[in-house]
Amino acid sequence: MHQKIKPVQKSGDRPRILVIDDEPEMCRCLEKCLGILECTSESCTSGAEGLARLERRSFDLVFTDLRMPGMGGVEVVKAVKRIAAGTAAIVLTGYGTIGSAVEAMHAGASDYLTKPFKLEELRVAIEKVLAPSHGGSDDAPSGDLIGHSPAIRTLRAQIDQVAAVASTALIFGETGVGKEVVAKAIHARSDRRMRPFVAVNCGAIQENLLESELFGYERGAFTGAVETHRGRIEAANHGTLFLDEIAETSLSFQTALLRVLQDKEVTRVGGNDQIKIDFRLIAATNKDLQQHVKDGKFREDLYYRLNVVSITVPPLREHRDDIPVLVEHFIRKHRAKMNKEVAGISPEAMMLLTNYSWPGNIRQLENAIEKGMVLTSNTIVQAEDMPAEIAGGTCDFASGDCLKAPMKKAKDIFEKTYIEGILREAGGNVSEAARQARVARPYLHERIRRHEINPEQYRL
């Protein structure tokens, strides 16, 4: 306790935390630790007493033991979500079973800690759940883990299971679903969470530069290499390396990456020294890697090396129930950036959003909300403030909503949904989409113009 410990970083007042544990000594210990972290706390030794306090006053966070006489931690979490939906919950367990932790996450817990835990682990866990968002970056939508739908709860449970092992992992999902956010969540829940998380978009780096960017290079290795450069892999030492769009890499790069994974060593471009590296690799793709293997575009041995454990991130159309809470999150996020008083969106605008098919997933939703906030002259975003492809009334044909429309409108909806689908499959390539649809390219161009579809939106 003589080491200087940073307090919990949170805007506003000190976090108010309620501790529920049937062991009085654990309650006292936690209250002492929370005091060091500059949190306001109180404790009790039963779930019933804790819930009674929660009904009388507000708390930012509840710590609850998992196994207690009478009401256990899972039941406490469920009740917390019922009594005070805005209060986060962290489960404490001395047993460390993944199954029980996953059950708690399903019930609505934001995180879990295994006893005994360090003071720094406690601080990180508190900051993580009390942060205004789940993280993310400019390249990844920050709201992907926000939501309470069965699909998102299942995703959180899968993240916990993958985070508990040290194996390489592969994340599958369409463009815009937030694969980087999922990778960050895995890292944040792993035993490497205090170490670096280094993200690389393989599709955004020129092929001739990717190897030197990842592996580093020595001074004089090539024209312009005026000094030695440490690569991204070295930067991720003891932490996590995230390679997005792994399917976009060349076979030669895949061979070099496979060697690094096998030997746990990296050699800089232009160098001879083999540098020992300890990192966890998480890769992601929106492509069918098995088909790429069959087509000779991806090494089979690397595919199996990467796909030890995998997660598929659901598209937004499969968890539409989360759209309202995502909209609220994005309004808060962009309101702060714009310094513009926008309180919410109209029921008509929300209906458009929940009926839309979202080919660009959560990234497209965030862009739609931001554009609507820019365009609106009211404190409430209206339906007419939505982008043209959404305000035009497009809906997901499979949802059944189109059955309520006149036949001509339904045909238009189907055709637009169909064209969006083949463009998504073709990565925005109109010629390839026309081939898949078995129509002439000029005809498809005409239908694209008629429906005001932007093929660039689907480019990978």
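Throughout, read-outs are computed from the coordinates displayed, never taken from laboratory work. Everything numeric here is computed off the predicted structure, so don't read it as measured data. Counting neighbours? That spans all protein chains shown, and the Cβs are built from the backbone with ideal geometry, glycine included.
Which entries of 333/411; 115/276; 184/371; 287/340; 294/411 show an alpha-carbon separation above 30 angstrom in the structure shown?
333/411; 115/276; 287/340; 294/411
Taking the Cα centre of the chain as origin and charging only Cβ (+1 Lys, Arg; -1 Asp, Glu), how large is the dipole, in debye to the nearest 20?
Using Cβ point charges on Lys, Arg, Asp and Glu, the chain gives about 200 debye.
Any chance you could list P(r) for the range 16-130, counting all Cα-Cα pairs in 5 angstrom bins from zero, rounded to whole %?
2, 13, 26, 28, 21, 8, 1
Can you tell me the alpha carbon radius of gyration of the range 154-312 divided by the globular rule-of-thumb value 2.2 N^0.38 Å? Please report the intermediate quantities before stating the final value.
Working: Rg = 15.4 Å, N = 159, 2.2 N^0.38 = 15.1 Å.
Relative to the rule-of-thumb radius for its length, the range 154-312 sits at 1.02.
Place +1 on the Cβ of every Lys and Arg and -1 on the Cβ of every Asp and Glu in the chain, take the dipole about the Cα centre, and give the residue among 250, 146, 212 whose Cα lies farthest towards its positive end.
My answer, from the dipole projection, is 146.
Mind checking which aspartates and glutamates have their C-alpha under 18 Å from residue 416, skipping anything on the same chain fewer than 8 residues away?
389, 396, 401, 425, 432, 446, 452, 456
How large is the helix-only mean residue ellipticity at 222 nm for the chain, computed as the sum of -39500 (n - 2.57) over DSSP H runs with n ≥ 4, divided by its residue count, in deg cm²/dmol to the nearest 500? Intermediate values should be presented prior to the final figure.
Values: 19 runs with 200 residues, N = 460.
Roughly -13000 deg cm²/dmol at 222 nm, from the helical runs in the chain.
Longest exposed-loop-site-free stretch of the chain, with GluC sites (Glu not before Pro), DSSP loop and at most 13 other Cβ within 10 Å?
Formally, the longest exposed-site-free interval is 1-226.
Binning at 5 Å from 0, report for the range 161-203 what percent of all alpha-carbon pair distances ends up in each bin.
So the P(r) values, bin by bin, are 5, 20, 31, 26, 13, 5.
Hey, if you drop one equal point scatterer on each alpha-carbon of the chain and run the Debye formula without solvent, what base-10 log of I(q)/I(0) do you get at q = 0.10 Å⁻¹?
Relative scattering, expressed as log10 I(q)/I(0), comes to -0.88.
Which three lengths, in whole Å and largest first, does the range 316-391 cover when its Cα atoms are put on their principal axes?
Largest first, the range 316-391 extends 33, 21, 18 Å along its Cα principal axes.
By how many nm would the segment from residue 114 to residue 367 grow when fully extended, if each residue of separation counts as 0.36 nm and the alpha-carbon distance is taken off?
Contour length minus the Cα-Cα distance gives 87.2 nm.
Between residue 301 and residue 164, with labels modelled 7 Å along Cα→Cβ, what's the label distance in nm to one decimal, could you check?
Distance between label points: 3.3 nm.
Select from 454, 24, 224 the residue farthest towards the positive end of the dipole of the chain; place +1 on Cβ of Lys and Arg, -1 on Cβ of Asp and Glu, and compute about the Cα centre.
454
Let me know the longest stretch in the chain that avoids all chymotrypsin sites (Phe, Trp or Tyr not before Pro) found in a DSSP loop with at most 11 other C-beta atoms within 10 Å.
Here the longest segment lacking exposed loop sites spans 223-460.
Show me the ranking of peptides 199-205, 186-192 by mean Cβ neighbours inside 10 Å, starting with the highest.
Final packing ranking: 186-192, 199-205.
Of the trypsin sites (Lys or Arg not before Pro) in the range 283-329, which ones lie in a loop per DSSP and count no more than 14 other C-beta atoms within 10 Å?
none
Separation between the residue 436 and residue 348 pseudo-spin-labels, each 7 Å from Cα along Cα→Cβ, expressed in nm?
3.5
Between residue 221 and residue 154, with labels modelled 7 Å along Cα→Cβ, what's the label distance in nm to one decimal, could you check?
Between residue 221 and residue 154, the label points sit 4.3 nm apart.
What FRET efficiency would be calculated for the residue pair residue 230, residue 31, taking the C-beta separation as r and a Förster radius of 51 Å, to the nearest 0.05? Write down the numbers at each step before the final one.
Numbers: r = 44 Å, r/R0 = 0.86.
Once the sixth-power term is evaluated, E becomes 0.70.
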